[in-house]
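J.: Once you've had a glance at the structure underneath, I'll fire off some questions.
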Amino acid sequence: MTTFLEHICNNQGMVDKHVFSDCCNINNTARHKCFLLYKKDDAGHSDIFQIPNPEQICETDKENQASVKERYIYETSRKHPFLYGPTILTMSACYETAIQSCCQQENNTECLQIKLEPIRKYIREISLRHHHLCEIGIKFNHKVAKSVELVLLTKKQLKANFSEIAQLAVDTKNLHQTCCEGNAVACVFGRSQLMNDICSKQTILSSKIIPCCALPVPFRGECIINSENDDKPDLSSLPLSRFTEDRFVCKQFTDKQDDFLQEFLYEYSRRHPELALPVILRVVTVYQNLLGKCCKLEDPLECYSHGREMFQRVVLESHERVKNHCDLHEKLGDNNFHDRLMVLYTKKAPQLSAQELIMFTKSMAAAATRCCPLSDDQQFVCMEDAAKLILGALCRRHEAEPINVNVGHCCDDSYAFRKPCFEDLQVNGTYISPPLPCDQIISLKEVLCKAQEEEFQTEKQKLLSNLVKQKPYATEMQFQSFIVDFTRLVRKCCQAEKSEMCFQEEELKLIEKCQSLLGSKLFQKTST
């Protein structure tokens, strides 16, 4: 790494181009950390694997097979800088196999589209997860990162004993740190070594990984990571009572708090593999807080013996939040549900631009569309899993440019309770929006008639966001009524014979309603 960074710093053209000169002026350890701050997802970069001319790809592959694979690695690495090196190498092998297979066929265009789309989809999804894991490692202490790994490993390998899982969790956490720090060579070798270690114990860890261990490198690692959770063993003879009914709980908690809580995390996870990661972490946080309080009392046992009911309450409350969310989605439908999220999150984070709010709430609405039709248990896990990634991205945005104190609290205080914290946020009372006259908020133009449905939704939600910022304490019913009128007027005028005249007339009516909503007493059109 030292040599690599030295090479960049000695290449003057590269330093000037990427504004790395400030990093090159400091010593090696600090230099590496400085470089990592420049590592950001390039959201504006176009999707690199659209296949406009498959024949050209096949021709290039025929001439120089290595260049196609190397180009793939290069493009994937720069589009997804937080994607781990071993995953890029694995998917480049899949990409190469797809091209070699399709280019032998007459209908190579269709073949490439079918075979490359799953690769694109997997890369997008796994890149978000890798970025999220990197965020946890950087933002929270090593205990949180280790706990995350311990839960994920326990759910996947339910028959493995605690000492094996605990050691695997440490090794995996350390590997993630190496990969997140950009040391691609150490990341690749570390992943290979870890997977070899897992495969050497495959019979005692999980039956689900046995087919993966038969695969060659580099496919083995990705297969193990994406393997199903192991079948749940019968643990009825091993109740969790020793954590809530044993008189020596406080001694164990006081003597070796971290080890004791990790063991509880392991035992609870293997009994509840159906629960999402954040929910299990919430239970452990509640248990830790409970012991912290009870172990100071004269009769701690009587106090912590209520632990089981508290755990059930945490799970039930988490279930109820998701159920209410999905019930609302079913009642409102996709577009109206997205509008509702726009209102809620504009109130919580009005400092964000309308475009940013649309982006985050669009992801939330898409998660509801995807998760809510599933069975209750799957719906629950799906929504919790989606929320942790979406809110992780929102918190990274806050890290780059602080949004407000309340958002910062939810991002920083507790990883486990991040979702409930955001859901409970109310209007951000510290924000005062710059005054925006109604004629600047509303724009009824003929161009709306030519807009695709998604474009129209975006324009409608920009309007909604600007309204909420001006009048954050107005009711959702008031905003909804306004948006219904806006939509109806656009549909009406687009069907009118003289649409431009219709828009001019109807715009005045909508502006009057906007004034009434915002409480404006005077109005003078800025164009006059």
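J.: Modelled with pLDDT under 90, of a type outside the set (Ser, Thr, Tyr) and farther than 24 Å from ARG418 by Cβ: does that describe LEU240?
T.: It is true that LEU240 is modelled with pLDDT under 90, of a type outside the set (Ser, Thr, Tyr) and farther than 24 Å from ARG418 by Cβ.
J.: Can you find, within the range 466-500, the residue that is nearest to ASN335 (Cα to Cα) among those that are touching a helix residue (DSSP H, G or I) at 6+ places or on another chain (Cβ under 9 Å) and among the aliphatic types (A, V, I, L, M)?
T.: Filtering the range 466-500 for residues that are touching a helix residue (DSSP H, G or I) at 6+ places or on another chain (Cβ under 9 Å) and among the aliphatic types (A, V, I, L, M), the one nearest to ASN335 (Cα to Cα) comes out as ILE483.
J.: Evaluate the range 298-320: report whether one residue or more is acidic (Asp, Glu) and surrounded by 12 or more Cβ atoms within 10 Å (Cβ to Cβ).
T.: yes
J.: Return the residues of the range 478-489 that are farther than 19 Å from THR361 by Cα and not basic (Lys, Arg); say none if nothing qualifies.
T.: Filtering the range 478-489 down to residues farther than 19 Å from THR361 by Cα leaves 478, 481-482, 484-489.
Residues satisfying the conditions are GLN478, SER481, PHE482, VAL484, ASP485, PHE486, THR487, LEU489.
J.: Hand me the list of helices (runs of 4 or more DSSP H) wholly inside the range 88-199 holding 2 or more residues that are touching a residue at least 12 places away in the same chain (Cβ under 8 Å), among the basic types (Lys, Arg) and buried (at least 16 other Cβ atoms within 10 Å of the Cβ). Even if it seems obvious, please write down each step before you answer.
T.: Values: elements: 108-139, 142-156, 162-180.
Those helices (runs of 4 or more DSSP H) span 108-139, 142-156.
J.: For the range 200-231, which residues satisfy the criterion of being among the polar types (S, T, N, Q) and either surrounded by fewer than 17 Cβ atoms within 10 Å (Cβ to Cβ) or in contact (Cβ under 8 Å) with a residue 24 or more places away in the chain (or both)?
T.: Across the range 200-231, the qualifying residues are SER200, THR203, SER206, SER207, ASN226, SER227, ASN229.
J.: Moving on. Of all residues in the range 1-40 being open to solvent by less than 70 Å² (accessible area, probe 1.4 Å) and not in a helix (DSSP H, G or I), which is modelled with the lowest pLDDT?
T.: PHE20
J.: In addition: Applying the selection to the range 246-297, what residues are under 25 Å from VAL322 (Cα atoms), part of a loop (DSSP other than H, G, I, E, B) and open to solvent by 50 Å² or more (accessible area, probe 1.4 Å)?
T.: Once the filter is applied, which keeps residues that are under 25 Å from VAL322 (Cα atoms), part of a loop (DSSP other than H, G, I, E, B) and open to solvent by 50 Å² or more (accessible area, probe 1.4 Å), the range 246-297 yields HIS272, GLU274.
J.: Test of understanding: among GLU228, GLU222, which residue is acidic (Asp, Glu), modelled with pLDDT under 95, under 25 Å from the mean Cα position of the chain (by Cα) and in a helix (DSSP H, G or I)?
T.: On the way: GLU228 fails: in a helix (DSSP H, G or I).
Exactly one residue qualifies, and that residue is GLU222.
J.: Here's a follow-up. Do any residues in the range 337-357 that are under 13 Å from LEU467 (Cα atoms) have Cβ atoms under 6 Å from those of residues that are hydroxyl-bearing (Ser, Thr, Tyr) and open to solvent by 10 Å² or more (accessible area, probe 1.4 Å), where the two are at least six apart or on different chains, and which pairs are they?
T.: PRO350/TYR431
J.: Now a separate question. Would you mind finding the one in LEU464, LEU448, LEU394, LEU425 that is at pLDDT below 90 and either hydrophobic (A, V, I, L, M, F, W, C) or over 19 Å from ALA367 (Cβ atoms) (or both)?
T.: From the options LEU464, LEU448, LEU394, LEU425, the qualifying one is LEU448.
The values are calculated or read from the model by the stated rules, or taken from the named source; none is laboratory data. What you see is a predicted model; the values in this text were computed from it and never measured. Heads up, the Cβs are rebuilt from the backbone with ideal geometry, glycines too, and the neighbour counts pull from every protein chain shown. Note: accessible area is taken over every heavy atom of the protein model, side chains too, but ligands, DNA and RNA are not part of it. Shrake-Rupley method; radii C 1.70, N 1.55, O 1.52, S 1.80 Å.
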